[in-house]
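Asker: Handing you this structure, nothing more for now.
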Amino acid sequence: HVVVVVRAAMGKRKKKGESGMATSYIPRNKALKKLQLSLPDFRRLCILKGIYPHEPKNLKKVNHGSTARRTFYYTKDIQFLAHEPLLEKFRDFKAFMRKVKRAFHKDQKHTVERLYENRPVYTVDHIVRERYPSFTDALRDIDDALCMLFLFSTLPQYRRLQAYVVHNCKRLTTEFMHYIIESRSLRKVFLSIKGIYYQAEVMGQTITWIIPYQFSTQMPSDVDFRVMLTFVEFYATLMGFINFRLYHSLNLKYPPQIEGLPPPPAAEALSSQIPEPDVVLGEELEDHTEVGGDSRVLVCVCV
């Protein structure tokens, strides 16, 4: 009788790996199965949501006794991603790509054009508002956004870099520099080998960025532009919100009419990142399903 009482007081025995640190982390492969996403889509979603992998303090406990190197994420972060509305858009785009490929291989040009007109689109406005609940938080994190946008504004058109992305970065950075001039916020300038460093004080926040020199750029082949363009997509949306707020703080009209700049592109063109069907002619469709950051970009072949 004593043994029975002791076992009842102890409760159910916990198994190894079902509690504690082992459940706080989740490997990337398991996260992909849980979210039902491909690896490029998962990377894109993590970049947009600001979620990054973490190194466990005790790798053996998390990895079930193994010391093999694996990529781990917090379980709570993956559960947070499971409720993201963009997941449905990603799945809609997969279905859209299957229909386009089928019509393309059957040489159904009108079907491809009709599918393009009804393509799925999305925006990351809600993610910007979610990550930056206040305008001050956005200003504190604008340094990297400015450096990235200024870099892409000087790049030439490339196979994986469409012209409208460069034009949009050029427009956003010119608008920001116009605000710096109007508000007289510039404090320091420094010339270096990398480029020209600028430092300005905007609404009590110190902002530092670098502008590369205007030289001819040789596009490197070992750079993953898909990842960089995902950052550009998010930063461009963020800068649009910031420029709008900054211009209205000075009672200036936004967007400004600046000579030599292209007009602001439509929201759908930027959010979907899908160029017109006749952008690339005579190329293989499979080669261009990952242009501009991921499988979001499609170049339809229409003769």
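Coordinate-derived values only; no laboratory data. What you are looking at is a predicted structure, and each value in this text was computed from that prediction instead of being measured. With ideal geometry, Cβ positions are generated from the backbone for all residues, glycine too; neighbour counts draw on all protein chains shown.
Asker: Gain in length, Thr174 to Asp224, computed as 0.36 nm per residue apart minus the alpha-carbon separation, to one decimal in nm?
Answerer: Result: 15.4 nm gained on full extension.
Asker: At 0.36 nm per residue, minus the direct Cα-Cα distance, what do Ala95 and Leu191 gain on full extension? Give it in nm, one decimal, please.
Answerer: Length gained between Ala95 and Leu191: 29.6 nm.
Asker: With +1 on each Lys and Arg Cβ and -1 on each Asp and Glu Cβ, how big is the dipole of region 35-89 about its Cα centre, in debye rounded to the nearest 20?
Answerer: The dipole magnitude comes to about 300 debye.
Asker: Checking the table Lys34/Lys99; Lys49/Lys170; Lys94/Lys170; Lys60/Lys89 against a 27 Å threshold on Cα-Cα, which pairs fail?
Answerer: Lys94/Lys170; Lys60/Lys89
Asker: A follow-up question, please. Zone of Asp143 (label point 7 Å along Cα→Cβ, backbone N under 20 Å): which residues in region 183-197?
Answerer: The answer is 185-197, whose backbone nitrogens lie closer than 20 Å to the label point.
Asker: Now, a different point. Can you give the FRET efficiency for Tyr254 and Gln199, using 1/(1 + (r/R0)^6), R0 = 22 Å, r = Cβ-Cβ distance, to the nearest 0.05?
Answerer: Details: r = 24 Å, r/R0 = 1.09.
The value I calculate is 0.40.
Asker: Continuing with this model, one more query. Efficiency by 1/(1 + (r/R0)^6): what FRET value for Arg102 and Arg159, r their Cβ-Cβ distance, R0 = 22 Å, to the nearest 0.05? Let's see the in-between values first.
Answerer: Working: r = 25 Å, r/R0 = 1.14.
Efficiency, from the Cβ-Cβ distance: 0.30.
Asker: Moving on to the next point. For region 131-177, what is the per residue volume of the convex hull drawn over the alpha-carbon atoms, in cubic angstrom? Before the final figure, lay out each step's value.
Answerer: On the way: hull volume 4.1 nm³, N = 47.
For region 131-177, the hull spanned by Cα atoms encloses 87 Å³ per residue.
Asker: In whole Hz and in residue order, list the ³J(HN,Hα) couplings for region 132-137 that follow from phi through the Karplus curve 6.51 cos²θ - 1.76 cosθ + 1.60, θ = phi - 60°; x for Gly and Pro.
Answerer: 10, x, 10, 5, 5, 4
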